[in-house]
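This report concerns only the one structure given below.
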Protein chains: 6
Amino acid sequence: MKSRFIDTLEVYDGSQLVSLRNYLKYQMLGDSVVSWVGPCDVKTEHMIDGEDLLAGAEIRGEQMLHFIAELFDSSLFAAVGVQRLLASIVKDVLQLTSKEDAVVSLLRRDGDDIYSGDKKLSISIATQSPNSSLIHFAVNVVNRGTPVPTISLQEFGLDAKTFAHEVMRRFCGEIESMREATKKVKSAR
Amino acid sequence: MKSRFIDTLEVYDGSQLVSLRNYLKYQMLGDSVVSWVGPCDVKTEHMIDGEDLLAGAEIRGEQMLHFIAELFDSSLFAAVGVQRLLASIVKDVLQLTSKEDAVVSLLRRDGDDIYSGDKKLSISIATQSPNSSLIHFAVNVVNRGTPVPTISLQEFGLDAKTFAHEVMRRFCGEIESMREATKKVKSAR
Amino acid sequence: MKSRFIDTLEVYDGSQLVSLRNYLKYQMLGDSVVSWVGPCDVKTEHMIDGEDLLAGAEIRGEQMLHFIAELFDSSLFAAVGVQRLLASIVKDVLQLTSKEDAVVSLLRRDGDDIYSGDKKLSISIATQSPNSSLIHFAVNVVNRGTPVPTISLQEFGLDAKTFAHEVMRRFCGEIESMREATKKVKSAR
Amino acid sequence: MKSRFIDTLEVYDGSQLVSLRNYLKYQMLGDSVVSWVGPCDVKTEHMIDGEDLLAGAEIRGEQMLHFIAELFDSSLFAAVGVQRLLASIVKDVLQLTSKEDAVVSLLRRDGDDIYSGDKKLSISIATQSPNSSLIHFAVNVVNRGTPVPTISLQEFGLDAKTFAHEVMRRFCGEIESMREATKKVKSAR
Amino acid sequence: MKSRFIDTLEVYDGSQLVSLRNYLKYQMLGDSVVSWVGPCDVKTEHMIDGEDLLAGAEIRGEQMLHFIAELFDSSLFAAVGVQRLLASIVKDVLQLTSKEDAVVSLLRRDGDDIYSGDKKLSISIATQSPNSSLIHFAVNVVNRGTPVPTISLQEFGLDAKTFAHEVMRRFCGEIESMREATKKVKSAR
Amino acid sequence: MKSRFIDTLEVYDGSQLVSLRNYLKYQMLGDSVVSWVGPCDVKTEHMIDGEDLLAGAEIRGEQMLHFIAELFDSSLFAAVGVQRLLASIVKDVLQLTSKEDAVVSLLRRDGDDIYSGDKKLSISIATQSPNSSLIHFAVNVVNRGTPVPTISLQEFGLDAKTFAHEVMRRFCGEIESMREATKKVKSAR
């Protein structure tokens, strides 16, 4: 599985969640994850979470750390599981690398969301393209421009790029060992 | 999704990881998870993890808390993801309910295993039957009879049954919200 | 499985056969079926039955009882089977609730169509969206505006809404027991 | 799709529901259905319906008309739908060919079962083999030896072999047109 | 499987690689292959091979023999295999029917491409539509208008239409016997 | 994809075609192919080709070059395609490396078989295990002990081990580029 941090200020507006983007833009063939830091402002036309659409939700943030992962040979149900493992990994890295015990001790994962107390740290969606699974996961770098009470990497005292590298390192290890796990177990009756 | 704690002292020997067991033994139809406390002694003939077979591993423990989950409409890759989410939930419940800070602070999930420092808390396997996915996950209740250095619920000061109920409550919520997540997202191009 | 009769006069023009419509419009999550009474006038651009397109068919009716069902975790082949079971249920409900023996005695199902003698009662199509199966099934409430000789609920002496409720009640029972049937049978060699 | 009536008195004991049987015994390659008249006595070791196993059900009859169908490129969910369509076809053929109005007028399909009033006409199971779907469907030819109140082809005044041919003719037409239906519809968004 | 050579001069521009085209244009239902001789000029908007898009490739030829195949009940991975078998068949037919030993002796298949020495004979792509697999395969009839050094049926001394018929005859036989092969083998443990 | 030539004289009796064998015996995880030279004598109980079973075929040879490949994330239909590509590769390697023009010029592939004139060079079967596809392909090293007229590597003047290495090198390249091809193409409508 390939990973890469991109030095760009690109706005995430939802149009980026399309199949083969990591390959066509960054020559990353197969399972992959890219990340970058940039604003988030998802346009309604690119909003794909039915729950958000029903709620008329706004999905915004002035500066977020974005991850876009693409997985092949995967169903949507599997991708939703992988998305939550990514959330779990993000929480683990915060717990291991942040020294801000007050916010760390309140961390919890609820489905694909991460909170510290009542403040939301992240947004995420998993979907299926005709030939792959796609995941967007983003973490606030600062709290400006968010439509709900949030917490950000700033309060955790963490640098976004360093954090991104550690999350991607663990995520790639997770996916690779998951693939292997499907190839070394006998089936049951 | 149905869950149930069973009052039995049944030995887990690997023969229990077969499709429809939760239905045929406990009338639990569909996605389900059962748990109980009993010895663990997996016979080679029921060992299905190729890695264990290659290593000639022993899978034993005098008293473990067992979980057997069965999921339908799921691939093996998805089941491996679910298995790791279950490990993540077990770790979360330990962190939230145990007061033994020394062992809690050393907790980490590595794939489908949970450790506190170098001591292993759990064993697990996920496999596919012809019409379902099956997961066995077990946590040491005591450290006796284990072939490697282990840690157990005892050091965490936790009662196995209470712990089992909380893990299953969260696990069922996880699976149910995962199923829902696949039914409310638009597909991507 | 959720069902709902909608009090609307909406024209069915084919654009309604899209994934997640029952959820995004009526908050019905998961397997679902909605019905309503309204005109039918399928535009060529929304016509998806290749046979109709080859024949240059017109799909019209001044007043029809429409059903739109969405099923998850289903293939197109399965959906075509479900569509025909829906036709079979419609025929059963006509036979059980109509007192008009002359038209009832001539009822027959031919694939996904229902006829009384040579007169056509219904139209239907089943298709696949990227993450679900979709079925449109419609029954003439009156015979006006149809491009071929038709029969309608009027000749059967039946009220469309009452009829719709009974069809949906049986259809939901059918799907639910089908789902269960896949979760309680042992596989074969 | 191939069909064949076999002149044999073979007892159906459940061991016949295995993949490739129609091919290996009768050279019928691909989707196929065979039928014959013989006793039914399903041994517990070959019983695969979990509901029957839980209930300790007996599956017997002195003389039944058996159908064994095998379908390729089909899921278990699709096969359960096909099984119910087969039940629907059996009911249709009874209604069209029997002159015994008293028993015909009480006919109803309930899932994969057919009843006339409270008397059971048929038994059935659908399952999945590693590379195909398998369906057993059987109709009482006489009422002797059945563990529950039954009705049989005798009360319908019908000859088993003639009846079998008409059922298989319609069933093959159904499957063939279902396969075609999946190859001439445009997908939805 | 149906096949047909079409007498047309249609330009292949990439827009032809859509599901159901062989059915909607030529009434060929199910697995099918059509061929014709015409120019090739794939517009960027219809280019689907990511490698071509990354390389800014031109896909052109003044006169090529085109094949468009559509297969149902097939994955993209299977379609890529079928595509390479088609390339293999094209090579076999060249070897068997051409008398031009110099170019024949240099023939080789490399993935889905065919070369004679360093000269390229063919272009090809396999993709997946929502309900089928699609393959475009084209062989130069003459060398004019191609962006790279090419070889054509002219050097092999072969008539395009005769060649097309033989290729399609073998290809249909291949697919039909592949389908059969999946229906007469027992599964493994 | 991993490959390995094994120095053993093991008899191939059909029992070797089981999932995970390359992993459990040779630590080769994931897609893999092994080969060795040894007798062939497939016992009826391990014969899985229905055609052979119907014909009462004997599958024997005193010395054959065996290949066993296992592929994950593959359907049986895809595996049958891969099996024929392997046959095609075997034929290509014979054509490129043998100097025996008389037998080379008569080479042809017919489905999964290779012949030189009327003499059979190879045997093969592809099947599906619960979590993988399995292929056995074997080429006569000598003609002794075969139940039909055969040709062998001896007539081609080729050393079995050298030949095996070249076949596996090309086969691994084929599978790897096939996997890649599924991850760089846009889907069609």
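Report, in listed order, any pair from D:Lys186/E:Lys91; A:Lys2/A:Lys43; B:Lys2/C:Lys2 with a Cα-Cα distance greater than 26 Å. Mind showing how you got there, number by number?
Values: D:Lys186/E:Lys91 34 Å; A:Lys2/A:Lys43 28 Å; B:Lys2/C:Lys2 20 Å.
The pairs that break the limit, which is 26 Å between Cα atoms, are D:Lys186/E:Lys91; A:Lys2/A:Lys43.
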*asked:* Which one, D:Ile89, D:Ile48, D:Ile125, has the greatest fluctuation when you compute a Gaussian network model over chain D with C-alpha springs under 10 angstrom?
replied: D:Ile48
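Considering only DSSP beta bridges where both residues belong to chain A, give the percentage that are antiparallel (nearest 5). Write out the running numbers ahead of the final one.
Details: 31 of 37 bridges.
So the antiparallel bridges in chain A amount to around 85 percent.
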*Restricting the count to DSSP beta bridges whose residues both fall in segment D:73-157, what percent are antiparallel, rounded to a multiple of 5?*
95
*What residues does segment E:174-189 have that are buried by at least 50 Å² of accessible area in the full protein assembly compared to the chain on its own, 1.4 angstrom probe?*
E:Met178, E:Thr182, E:Lys183, E:Lys184, E:Val185, E:Lys186, E:Ser187, E:Ala188, E:Arg189
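Rounded to the nearest 20 debye, what is the charge dipole size of segment E:1-114 about its Cα centre when +1 sits on each Lys and Arg Cβ and -1 on each Asp and Glu Cβ? Show your work: numbers first, answer last.
Working: 11 positive and 19 negative charges, 82 e Å.
For segment E:1-114, the charge dipole is close to 400 debye.
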*Which whole number gives the average, over all residues in E:48-55, of C-beta atoms from other chains lying within 10 Å of the residue C-beta?*
5
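Given Cβ point charges of +1 (Lys, Arg) and -1 (Asp, Glu) and nothing else, what value in debye, to the nearest 20, does the dipole of segment F:37-189 about its Cα centre take? The partial results should precede the final answer.
Details: 18 positive and 22 negative charges, 130 e Å.
I would put it at about 620 debye.
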*trypsin sites (Lys or Arg not before Pro) within segment B:1-85: DSSP coil, no more than 13 neighbouring Cβ in 10 Å*: B:Lys43
*Tell me which residues come under 5 Å, amide H to amide H, from B:Ile114 once H is placed; ignore anything under 5 positions away on its chain.*
B:Leu121, B:Ser122
*Choose one of F:Ala188, F:Met47, F:Gln63: the residue whose Cα lies farthest towards the positive end of the charge dipole of chain F (beta-carbon charges +1 Lys, Arg; -1 Asp, Glu; about the Cα centre).*
F:Ala188
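About the Cα centre of segment B:85-141, how large is the charge dipole given +1 on each Lys and Arg Cβ and -1 on each Asp and Glu Cβ? Please answer in debye to the nearest 20. Mind showing how you got there, number by number?
Working: 6 positive and 7 negative charges, 8 e Å.
The calculation lands at about 40 debye.
Before anything else, pin down the relative contact order of chain E: Cα pairs under 8 Å, at least 6 apart, normalised by residue count, whole percent. Write down the numbers at each step before the final one.
Details: 351 pairs, mean separation 44.2, N = 189.
Computed value for chain E: 23 percent relative contact order.
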*Determine the total buried accessible area between chain D and chain C, counting protein heavy atoms only with a 1.4 Å probe; round to the nearest 100 Å².*
3600
*What share of the DSSP beta bridges in segment E:1-96 is antiparallel, in percent to the nearest 5?*
65
*When the scattering of the protein assembly as shown is computed by the Debye formula from its Cα atoms alone, each counted once and equally, what is log10 I(q)/I(0) at q = 0.04, 0.08 Å⁻¹?*
-0.23, -0.97
_Considering only C-alpha atoms, what is the centroid distance from segment E:89-131 to segment B:31-100, in Å?_
52
*Residue-averaged beta-carbon neighbours from other chains (10 angstrom radius) around D:85-91*: 3
*If you roll a 1.4 Å probe over the heavy atoms of the protein chains, what accessible area per residue do you get for the protein assembly as shown, in Å²?*
38
*asked:* Viscosity 1.002 mPa s, temperature 20 °C: what is the translational diffusion coefficient of chain E from Stokes-Einstein with a Kirkwood Rh over Cα pairs, rounded to a whole number of µm²/s?
replied: 127
*Sorted largest first, extent of segment D:62-115 alpha carbons per principal axis (Å)*: 40, 23, 18
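Please report the net charge: other residues with Cβ closer than 11 Å to the Cβ of D:Met178, K and R +1, D and E -1. Please report the intermediate quantities before stating the final value.
Values: positive: C:Arg84, D:Arg179, D:Lys183; negative: C:Asp112, D:Asp31, D:Glu174, D:Glu176, D:Glu180.
In short, -2.
Please report the net charge: other residues with Cβ closer than 10 Å to the Cβ of B:Pro149, K and R +1, D and E -1.
+1
Please average, across the residues of F:123-131, the number of beta carbons from any other chain that are within 10 Å of each residue's own beta carbon, and give a whole number. Before the final figure, lay out each step's value.
On the way: counts 0, 0, 4, 5, 8, 7, 6, 14, 10.
Across the residues of F:123-131, the mean count of other-chain Cβ atoms within 10 Å is 6.
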_At 222 nm, what value in deg cm²/dmol follows for chain D if DSSP H runs of at least 4 each add -39500 (n - 2.57) and the sum is divided by all its residues, to the nearest 500?_
-10000 deg cm²/dmol
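Could you check how much of the accessible area of the protein assembly as shown is carbon and sulfur, as a whole percent, using a 1.4 Å probe?
On the way: 20600 of 43150 Å².
Looking at the protein assembly as shown in its full context, I get 48 percent from C and S.
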_Kirkwood-based shape ratio for segment E:85-127, expressed as Rg/Rh from alpha carbons_ = 0.97
*asked:* On a straight-distance basis, which aspartates and glutamates could pair with E:Lys25 in a cross-link, Cα separation under 12 angstrom, same-chain partners fewer than 8 positions away excluded?
replied: C:Glu51
*Once you've got the GNM for chain D with C-alpha springs shorter than 10 Å, pick whichever of D:Gly145, D:Gly50, D:Gly157 has the biggest mean-square fluctuation.*
D:Gly50
*For F:Met64, list long-range residues whose amide hydrogen, built 1.01 Å from N in the peptide plane, is under 5 Å from its own amide hydrogen.*
F:Gly38, F:Cys40, F:Val141
_I want to verify a result. In a Gaussian network model of chain E, Cα cutoff 10 Å, which of these has the top mean-square fluctuation: E:Leu29, E:Leu107, E:Leu96?_
E:Leu96
*Net charge of neighbours whose Cβ lies under 13 Å from the Cβ of E:Glu166, counting Lys and Arg as +1 and Asp and Glu as -1*: +1
*Near the amide H of C:Gln154, under 5 Å away, which other amide H atoms are found, from residues 5 or more places off or on another chain, if H is placed in the peptide plane?*
none
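The values are calculated or read from the model by the stated rules, or taken from the named source; none is laboratory data. Quick caveat: nothing in here was measured; it's all calculated off a predicted structure. No Cβ is skipped: glycine too gets one built from the backbone with ideal geometry, and neighbour counts run over all protein chains shown. When the accessible area is computed, the model is the full protein with side chains, heavy atoms only, and any ligands, DNA or RNA have been set aside. Shrake-Rupley method; radii C 1.70, N 1.55, O 1.52, S 1.80 Å.
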